[in-house]
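The values are calculated or read from the model by the stated rules, or taken from the named source; none is laboratory data. Computed from a predicted model, the values in this text were never measured in an experiment. When we count neighbours, we look across all protein chains shown, and the Cβ atoms used for this are built from the backbone with ideal geometry, even at glycine. Side chains are part of the model used for accessible areas, which takes the heavy atoms of the whole protein and leaves out ligands, DNA and RNA. Shrake-Rupley method; radii C 1.70, N 1.55, O 1.52, S 1.80 Å.
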Amino acid sequence: MNVLLEISRGLYKGDHFLYIFISTALCAALIVLSLIFVKGEKPRKIILKVVAGLLFIAILTNRLSQVFRYEEVRWYLLIPDSFCGTTSLVLSLAVLLGKRNNCVLHFVWLLGLFGGISTVVYPTFVDQGPSIFYLPTISGLVHHSLCATLVILLLVFKQIDITYKKWYYTLFGFTCYLTLGAFLMSIPQFNITDAFHIKDPIISGTFLTAWGMAPIYAIAYGLILLIVELVRRKKVKR
């Protein structure tokens, strides 16, 4: 997509650059300081649950801002209809309510990491208000930042054991997402023409619908599992 067009939409302007700089600095500081000063399983779990709680508040704020965004209150918009929004909600609950290395984490960690980082850098919803500090926009950016940060903390605190043996959770989770999307689109009263990019690409003019992104995601995920397994076997041989 034309970079000049993106600049005219609000991407890569001062407030967006400022948000990227501040959020990256805060997230990096939290991760580094946690690695240096936080020792032991219990304090690490506390940090994870605090960040997960903040993520839950951020995604809830974002959904409520959508509910009250229009002249008529649309309560059905509380239900996330995108990969990133649903992942933020599911990930926060999985950490708050689930145990270490629970099955949900094996599906959402890569979505949360890649989706969080890529959306902060390239937020397609940035033009919905006069600036990024418009509540639906800033809450969207915040929950993406927290989502990526939480995944990184889960990985560095070794709360997820990445393994090819649990690949099927990804297939199950992806199916659940698309089923939810089809359900939301099937209700006439909701007037939702697309959910989870089942019909429309995430970037207009590209092939990146859910069906186009799925094989790319599968290949990337497979390569990650292969690399992790090779590294694990190399350590065992030593």
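Brief remarks on what is shown
- Two-site FRET efficiency, Leu171 against Ser118, from Cβ-Cβ distance with R₀ of 22 Å, rounded to 0.05: 0.50
- Between Phe17, Trp109, Pro136, the Cα set farthest toward the positive side of the dipole of the chain (charges on each charged residue's Cβ, about the Cα centre) is that of Trp109.
- With a Förster radius of 35 Å applied to the beta-carbon distance between Glu229 and Phe21, the computed FRET efficiency rounds to 0.45.
- Pairs exceeding a 30 Å alpha-carbon distance, out of Lys49/Lys199; Lys99/Lys234; Lys42/Lys237; Lys39/Lys234: Lys49/Lys199; Lys42/Lys237.
- Each Lys and Arg Cβ is given +1 and each Asp and Glu Cβ -1; about its Cα centre, the chain then shows a dipole of about 1600 debye.
- Protection proxy ranking, peptides 61-74, 98-111, average beta carbon neighbours within 10 Å, highest first: 98-111, 61-74
- Per-selection Kirkwood Rh - segment 36-92 (Cα, Å, 1 d.p.): 12.8 Å
- Full-stretch length increase - Thr193, Val67 - with 0.36 nm per residue and alpha-carbon distance subtracted: 43.7 nm
- Net charge, Gly181 excluded, C-beta distance under 10 Å - Lys, Arg +1, Asp, Glu -1: -1
- Cα pair distances exceeding 14 angstrom across segment 133-196, given as percent: 75 percent
- Per residue accessible area of segment 23-153, 1.4 Å probe, in Å²: 47 Å²
- Subtracting the Cα-Cα distance of Ala218 and Val50 from their residue separation scaled by 0.36 nm leaves 57.4 nm.
- Angle between the chain longest axis and helix 135-156 axis [Cα atoms, degrees, rounded to 10]: 10 degrees
- Ranking Leu178, Ala214, Gln159 by Cα position along the charge dipole of segment 98-238, where only Lys, Arg, Asp and Glu carry charges on their C-beta atoms, puts Gln159 farthest toward the positive end.
- For segment 135-238, size of Cβ-based charge dipole, Lys and Arg +1, Asp and Glu -1, in debye: 920 debye
- Stokes-Einstein D in µm²/s, Kirkwood radius over Cα pairs - segment 49-135 at 10 °C with 1.306 mPa s viscosity: 113 µm²/s
- Site pair Val38 and Leu180 shows an inter-label distance of 2.5 nm when each label is modelled 7 Å from Cα along Cα→Cβ.
- Carbon/sulfur fraction of accessible area - the chain, other protein chains in place, 1.4 Å, %: 72 percent
- In the chain, the longest principal axis of the Cα atoms and the axis of helix 41-67 are about 10 degrees apart.
- The three principal axes of the Cα atoms in segment 1-159 give end-to-end lengths of 47, 33, 23 Å, sorted in falling order.
- Interchain or long-range residues, amide H under 5 Å from Thr209's placed H: Ile202
- With Cα atoms, 0 to 90° folded angle of helix 103-121 axis to the chain main axis: 50 degrees
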